[in-house]
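J.: Before I ask anything, let me first share the structure, which is written out below as structure tokens.
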Amino acid sequence: MSFIKRVADLLDANINALIDKVEDPEVMLEKYIMDMEQEYKETQAMVAKTIAARNMTQNKYNEAQNQVDVWEKNAMLAVEKGNDDLAKKALEEQSSYEQTRDGLKPELENQSAEVENLKVLLSKLESKINEARSRKDVLVTKAANAQTKKKLAEFSAKISGSDSSEGFSRMEEKVDRMAAEADAMSELNGQSLEAQFEMLKEDSENSAMDDKLAQLKAKMGK
């Protein structure tokens, strides 16, 4: 992978998407920032080298252009002095430097364009680093909250659909049934006790009637 491609991938990377792929967003963001800082240093070095190469080409171009001007003046001087042969030689020298100058021009343009592109890339990379630094704490907190919510949701889903939950429901139903049966027995026992007292009352009434009957028989001499 080329250097420019690596930097472009870093610039295109979505921080939130990267966080979703790791268990520890803070560690990932630290590495992400460190990677970008390293690429930033390498980009700076490349920009410096490209600028140096562009400046060297620019100097060669300027020197060639300067010689073109010098030999043109020499040719004009020779013409003024009536020395056409010398003027032609001067024009030949001028033509040679023109070729050198024209040959350097495309290289100079390419190097200048590359310098500008790298400067733009460097600026974007710096902005990306600053963005990552400023958003790091917020993103880490947000990711931690999201992880917590996710785990709680998974736990809740597991509990609601587990066999233990169904077993608990069955046990609860069994306890309710046992309680209902106990209440029924208590109610029956209460009714039996009341019935016994009613029988005692009836026995008392029967005993009183027996006493009256005995008194009546005694009165009748029976």
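The values are calculated or read from the model by the stated rules, or taken from the named source; none is laboratory data. Note that this is a predicted model, so its numbers are computed, not measured. Cβ coordinates were reconstructed from backbone atoms using ideal geometry, including for glycine residues, and neighbour counts include every protein chain displayed.
J.: In the range 32-70, which residue that is basic (Lys, Arg) and loosely packed, with under 13 Cβ neighbours inside 10 Å is nearest to Leu91 (Cα to Cα)?
T.: Step by step, filter the range 32-70, then rank; the result is Lys49.
J.: Continuing with this model, one more query. List, please: which pairs have Cβ atoms under 9 Å, are six or more places apart or on different chains, and start with a residue in the range 63-75 that is outside the structural domain of Ser96 (by TED's automatic domain parsing) and end with one that is exposed (fewer than 14 other Cβ atoms within 10 Å of the Cβ)?
T.: Final answer for the pair search is none.
J.: Identify, from the list Leu91, Leu108, Leu152, the residue that is in contact with a Ser or Thr (Cβ under 8 Å, 6 or more places away or on another chain), part of a helix (DSSP H, G or I) and at pLDDT 75 or above.
T.: Within the list Leu91, Leu108, Leu152, the selection yields Leu108.
J.: Would you be able to say whether some residue in the range 83-101 is within 22 Å of Glu114 (Cβ to Cβ) and either within 60 Å of the chain's Cα centre (by Cα) or among the charged types (D, E, K, R) (or both)?
T.: Yes; the residues of the range 83-101 include at least one that is within 22 Å of Glu114 (Cβ to Cβ) and either within 60 Å of the chain's Cα centre (by Cα) or among the charged types (D, E, K, R) (or both).
J.: Quick check: anything in the range 29-40 at pLDDT below 85 and among the basic types (Lys, Arg)?
T.: Within the range 29-40, one or more residues are at pLDDT below 85 and among the basic types (Lys, Arg).
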